Structure formats: structure tokens, C-alpha cells
Amino acid sequence: MGKKLVGLDIGSTAVRAVEVDSPHQQRPTILRFGEIPLPEGAVKAGEVVDSATVTAAIRKLWSAGGFKTRDVVMGVGNSKVLARDITVPRLPLNQVRESLPFQVQDLLPVPASDALLDFYPASEFEGETGPMLQGMLVAAIKAPLLVNVNAASAASVQPANVDLSAFALTRLFAGGEAANTTSLLVHIGAATTTLVALEGHVPHFIRFLPNGGADITKGISQRLDISMRDAEAIKRSVGVVAARATAEQRPALEVSFELVNETLLAIRATIQYFQNARNNRAIDRIVMSGGGSRLLGLAETVGEFTKVPTTQPDPFSLATAARGLRGTGDAQDMSVALGLVTGVSA
């Protein structure tokens, strides 16, 4: 067996983890996975609010899931993470990263000293002043990120790295036949939706939307004045398929359509932005993931609205499952956790 590593995803409704063997491979072997639900408010938009509760949940997850290693890669991805294209002089990557605080301060909402900065190179070209690198700046505000890391460390796990959730999704879904295609990844979590536009394996545009599947449930609960549990059941039963809704369920269907329409418009705007920036290069496919993508009829609706072929692959089909693999949670909810430990150095 090779090196083992765990991808740890702290979400708004649960903490989730996937342990793999040989994470450096494009198809690592999934050894075990699991999730522990979180009470509402413990995590908001990817930021830990109640550290003690999250720490306890991670401890419980390791115990219940039987994870054998405590080395983890954690994900980050919310509205306090900036990701955008930049161009810098071509230098060794370590020098590029050292120079970022001086080059990108005007792009940041906080002083550079209060942010963690990284650069993801995409291509080289000859500029007017010499060789240049085009790539993506990633900037995360330190304070909330450190709260998440500390909550995990207090549970006696060892964060080896923190990675952008969008990059995790890229590694997971941009393998194989995707090398010569342009893709839009749409990952719908409970409270955040992540959009990643790729050329081949290279991300060129990342956008975080402050809404997700839980917003539909809340909307139905408020509109129909019913419990969140009942609202979730109606949401899963009806989705965005009008033919499945009874007369009593029509108000719930309307809520789903209203909130899904916001996501559809954001997807279309992202496609248009990408095409304008990439010489009208068309998006060849849309790949949907995350628990919110399971909404009945959603993938078909996205495909019809955008006129782009839309798929919803099983994340675990992109890795190798250990014999007798068992765990708690749905594979779609494990996308980020699995991507965090796919194709990375252990």
C-alpha cells in the first residue's frame, strides 16, 4: 500500500472525509469515507462559527468512519476567496509567489499581509517587456481560514495542506477525455455554488455564488410554513419537474424554479464571460456535482437552458474503490473531499 491521505471538507451542513491510498495517482484507491451532520449555524458559507461543535464532529467522524491516518488536506472556497486571471513576468514559481504581495495589493479587499496568496500558472507568452506568465491568482483571507484549520487541529488531525475547492474539483473531473475539451464545472453545495471554467485541465475562471441547495429548502419552508424536514422531502419529491407536482406542491415548485433560475442566469453569465475572454471558445460540456445537483430534473434543465451537453457523473467512478468499500453519505456530497486527495503529492 502507498501513502494514505484524507480529504476533509467542512461544509455548512456536515463534515465529510474521504481516505485514499496513493493520492498522487489520477485514480487513487478510496479506502473509506463518511460524514457527520452539523447543527445549523455551526458553519456559515464555509466558515467555522462554532469551533467546539465542528471539532467534536471531526473527532466523531474519525471514530465512526475508522479512518487510519490523521494527515489531511482541507478545502476552502467561499465568497472570501478571490480567484482571477493575472499576468506576471516569467520567473521561477517561488519568485512569482514571493512577489505577489507587491503586485496584487490593488486587487485585494484587505492588506496583502492579511491574505494567503498563491499563483496557478496556465500559459506563457512573449510580452512587450519580455516573457510573461498568464495564470490565476488565488487569495484567501487568513483569519477565517485559520479558524477552520484550528478547529481541525483541535480534533487531533494534521492539516498537511489547504487547497482551493475549485482546484480539487478540477483534478477530479478534468481527467481522461477532458484533455481537449472546454468544461464548466458546477458544484452545488448546501450554501455555496462553485463555477469553474476550464480549457482541458487548466482552470481559467472561478466564481463562488452565495447560495446552494439549502436555500431552496429554506424557501419552501417559509413559503409553505412547514418544517425544514418536510420542505426537504417536498423538494426531493418535486425538484423542478412540473409534471410531478400536485396542486398542493405547486408553491414549492415555484420556489424551486425561482431559486434555480438565479443559478441558471449565473451559469449563462459565466459561459458568456469565458467565451469573451477566450476568443469565443465554446463550452463543450457542463459537469454537475455536489448534493444540490441531485435536485430532480436540474441537470436536464441546465442542459436545456444553456444548450450545452450536461452530465452528472458519479465521483466515485473516477477513482478505484477498495474491495468492500463502505461509508456514510452520498457520493455526490463527497466530490470536494475526494478531489482534495486526487492527483496530489502525499
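The values are calculated or read from the model by the stated rules, or taken from the named source; none is laboratory data. In this text, all values refer to a predicted model and were calculated from it rather than measured experimentally. Because the Cβ atoms are built from the backbone with ideal geometry, glycine has one as well, and the counts that use them run over all protein chains shown. Side chains included, ligands, DNA and RNA excluded: accessible areas come from the protein's heavy atoms. Shrake-Rupley method; radii C 1.70, N 1.55, O 1.52, S 1.80 Å.
So the values come out like this:
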item: Qualifying residue in region 214-224 (condition: charged (D, E, K, R), under 28 Å from Val76 (Cβ atoms), open to solvent by 60 Å² or more (accessible area, probe 1.4 Å) and touching a strand residue (DSSP E or B) at 6+ places or on another chain (Cβ under 9 Å)); result: no
item: Answer from Leu133, Leu93, Leu108 - the residue that is over 30 Å from Arg326 (Cα atoms) and touching a residue at least 40 places away in the same chain (Cβ under 8 Å); result: Leu133
item: Unique match (being buried (at least 22 other Cβ atoms within 10 Å of the Cβ) and in a helix (DSSP H, G or I)) among Ala143, Ala152, Ala179; result: Ala152
item: Considering residues of region 320-346 that are in contact with a strand residue (DSSP E or B) (Cβ under 7 Å, 6 or more places away or on another chain), of a type in the set (Val, Ile, Thr) and more than 15 Å from Gly34 (Cβ to Cβ) only, the residue surrounded by the most Cβ atoms within 10 Å (Cβ to Cβ); result: Val344
item: Neighbours by Cβ (under 6 Å, 6+ apart or cross-chain): first from region 220-234, part of a helix (DSSP H, G or I); second open to solvent by less than 50 Å² (accessible area, probe 1.4 Å) and charged (D, E, K, R); result: Ile220/Lys235
item: Enumeration of residues in region 111-140 that are in a helix (DSSP H, G or I) and closer than 23 Å to Lys44 by Cα; result: Asp114
item: Candidates Ser51, Ser22, filtered to the one that is under 24 Å from Gly343 (Cα atoms) and small (Gly, Ala, Ser); result: Ser22
item: Filter result for the condition that a residue is open to solvent by less than 70 Å² (accessible area, probe 1.4 Å), modelled with pLDDT under 95 and hydroxyl-bearing (Ser, Thr, Tyr), over Ser51, Ser99; result: Ser99
item: Yes/no for Arg281 being open to solvent by 60 Å² or more (accessible area, probe 1.4 Å), assigned to a helix (DSSP H, G or I) and either in contact (Cβ under 8 Å) with a residue 24 or more places away in the chain or aliphatic (A, V, I, L, M) (or both); result: no
item: Filtered residues of region 284-303 (kept if open to solvent by 40 Å² or more (accessible area, probe 1.4 Å) and part of a helix (DSSP H, G or I)); result: Arg294, Glu300
item: Residue within region 115-123 that is open to solvent by less than 20 Å² (accessible area, probe 1.4 Å) and over 27 Å from Ala214 (Cα atoms) present; result: yes
item: Region 304-319: number of residues that are within 13 Å of Ile271 (Cα to Cα) and open to solvent by less than 20 Å² (accessible area, probe 1.4 Å); result: 1
item: Any chance Ser256 is free of Cβ contacts under 8 Å to residues at least 40 places away in the same chain and open to solvent by less than 60 Å² (accessible area, probe 1.4 Å); result: no
item: Residues that are over 20 Å from the mean Cα position of the chain (by Cα) and closer than 26 Å to Leu195 by Cβ, drawn from region 41-89; result: Ile86, Thr87, Val88
item: Cβ pairs under 9 Å, 6+ apart, first in region 319-332 and part of a loop (DSSP other than H, G, I, E, B), second of a type in the set (A, V, I, L, M, F, W, C) and exposed (fewer than 14 other Cβ atoms within 10 Å of the Cβ); result: Thr328/Ala64
item: Checking Asn261 against (1) within 27 Å of Arg16 (Cβ to Cβ); (2) assigned to a helix (DSSP H, G or I), the condition it does not meet; result: (1)
item: Arg171 vs. criteria surrounded by fewer than 17 Cβ atoms within 10 Å (Cβ to Cβ) and either touching a Gly at 6+ places or on another chain (Cβ under 6 Å) or free of Cβ contacts under 8 Å to residues at least 60 places away in the same chain (or both); result: no
item: Scan of region 127-163 for residues that are of a type in the set (S, T, N, Q) and at pLDDT below 95, ordered by number; result: Thr129, Gln134, Asn161
